[in-house]
Amino acid sequence: MHAFAADPERGFFVLVLLAITVGGSLLLYALRATTVASRSVYSFWSRETFLLANNVILIIAATVVLLGTLYPLLLDAFGGGKVSVGPPYFNAVFVPLMVLLIMALGLGLLAKWKNIEVFELKQLIRSPLLLALVLGVAFPFVYAGEFNWATALAAALLVWLLATSYRDLSRRVRHQGWVRGLRQLNPGYYGMMLAHLGVGVTAMGIAVVSHYEANHDVRMAPGENLQVENYEFVFEGTREIAGPNYAAIQGIIRVNEAGELYTYLYPEKRTYTARNQMMTEAAIDPALNRDIYIAMGEPLDNGAWAVRIHFKPMVRWIWLGGVLMSIGAGLAVWDKRYRRRRGAQG
């Protein structure tokens, strides 16, 4: 998308494509609006209201992305000059939206269909909210030894989703016992739970990696070392290797953890013979709680190299959350009630 944004002609093509797809969808909706009109009546404090709020927030979030992507193109097309829309814009708009979304997800789990008394809803949210606040505030101190509001907020939202999900689950199975009750729940319910958990996990991963990642661009000669968090990176030199269609200079970097050998990482600077094109191949050490990326820069004097070392805590949680949401969507589609309804309509 950023490559399209750099070229106004290709950006105009994207704009036309979006106009056709979105405009066509809205046209179909307008033509069939009378057939899909709902006659359901529900109060403001109900599960239906929070479901509607979720959808509205997601639509606003999608609109924010669309505006941030197309605004520079439209401004340039109408002679307003060139501008760029970067992370500050998306962070300023997205964070409040995601907080509202996750709060609405938890409230929707606790609310009843059609109507719930405000007093009853307050009683239901008291314990999850208190637990979320306490654990959210405690998380930055336990994780990093100092307070950070963004990670505290993300941790609180994740605990909020877990606590409200547990309260809803226990409410559903309390009369039948946990074993029998869990067996009788439909796949759609489990899908909903996984999707909600995925939203919280993704938010947690984004907050932690945004505020605790460490990036270092350093000059390293053979034998020199760099300390990053609990890891020591020792540059032991380089060697030449030959691949199937490239020649490469491979860096040898020893990684120590707590003074002991943890692993070796081998970033490469490759030259592909067909086009004499040079590419950087990063070395990656993945883990559930962090990723380490090491890339070779340019060669310097006396055998030294420019080396880039990136330490990204909990970055895998972002993708794990997406996987959980995808599995949740698959379970919801697999629900037998949905398949029967489709068969009846066909």
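Just a few scattered comments:
- Search result, residues across the range 100-115 that are surrounded by fewer than 20 Cβ atoms within 10 Å (Cβ to Cβ) and at pLDDT below 90: K112, W113, K114, N115
- Just so you know, in the range 219-246 the residues that are without any contact (Cβ under 8 Å) to a residue 12 or more places away in the chain and in a strand (DSSP E or B) include one that is surrounded by the most Cβ atoms within 10 Å (Cβ to Cβ), and it is N225.
Let's see how each residue does on (1) of a type in the set (A, V, I, L, M, F, W, C); (2) assigned to a helix (DSSP H, G or I); (3) modelled with pLDDT under 85:
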position: E9; (1), (2), (3): no, yes, yes
position: L18; (1), (2), (3): yes, yes, yes
position: S25; (1), (2), (3): no, yes, yes
position: L52; (1), (2), (3): yes, yes, no
position: L58; (1), (2), (3): yes, yes, no
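- Taken over the range 83-95, the residue count meeting the criterion of being assigned to a helix (DSSP H, G or I) and either farther than 19 Å from V208 by Cβ or β-branched (V, I, T) (or both) is 5.
- Tally, over the range 265-299, of residues that are in a loop (DSSP other than H, G, I, E, B) and either within 14 Å of F235 (Cα to Cα) or among the small types (G, A, S) (or both): 5
- Looking across the range 291-320 at every residue that is out of contact with any helix residue (DSSP H, G or I) (no Cβ under 8 Å at 6 or more places or on another chain) and of a type in the set (D, E, K, R), the one that is modelled with the lowest pLDDT is identified as D301.
- Tabulated pairs, the range 52-70, first surrounded by 13 or more Cβ atoms within 10 Å (Cβ to Cβ), second not in a helix (DSSP H, G or I), C-beta under 8 angstrom, 6+ apart or interchain: G68/V85; T69/M1; T69/V85
- Test: P72 is assigned to a helix (DSSP H, G or I), modelled with pLDDT under 90 and out of contact with any helix residue (DSSP H, G or I) (no Cβ under 9 Å at 6 or more places or on another chain): no
- Of all residues assigned to the range 72-79, none qualifies as being surrounded by 19 or more Cβ atoms within 10 Å (Cβ to Cβ) and over 30 Å from V22 (Cα atoms).
- Flag if A247 is touching a Leu at 6+ places or on another chain (Cβ under 9 Å) and of a type in the set (G, A, S): no
- Selection status of I249, within 29 Å of I206 (Cα to Cα), touching a residue at least 24 places away in the same chain (Cβ under 8 Å) and among the hydrophobic types (A, V, I, L, M, F, W, C): no
The values are calculated or read from the model by the stated rules, or taken from the named source; none is laboratory data. Just so it is clear, the structure is predicted and the values come from calculations on it, not from any experiment. Positions of Cβ are backbone-derived with ideal geometry, glycine not excepted, and every protein chain shown enters the neighbour counts.
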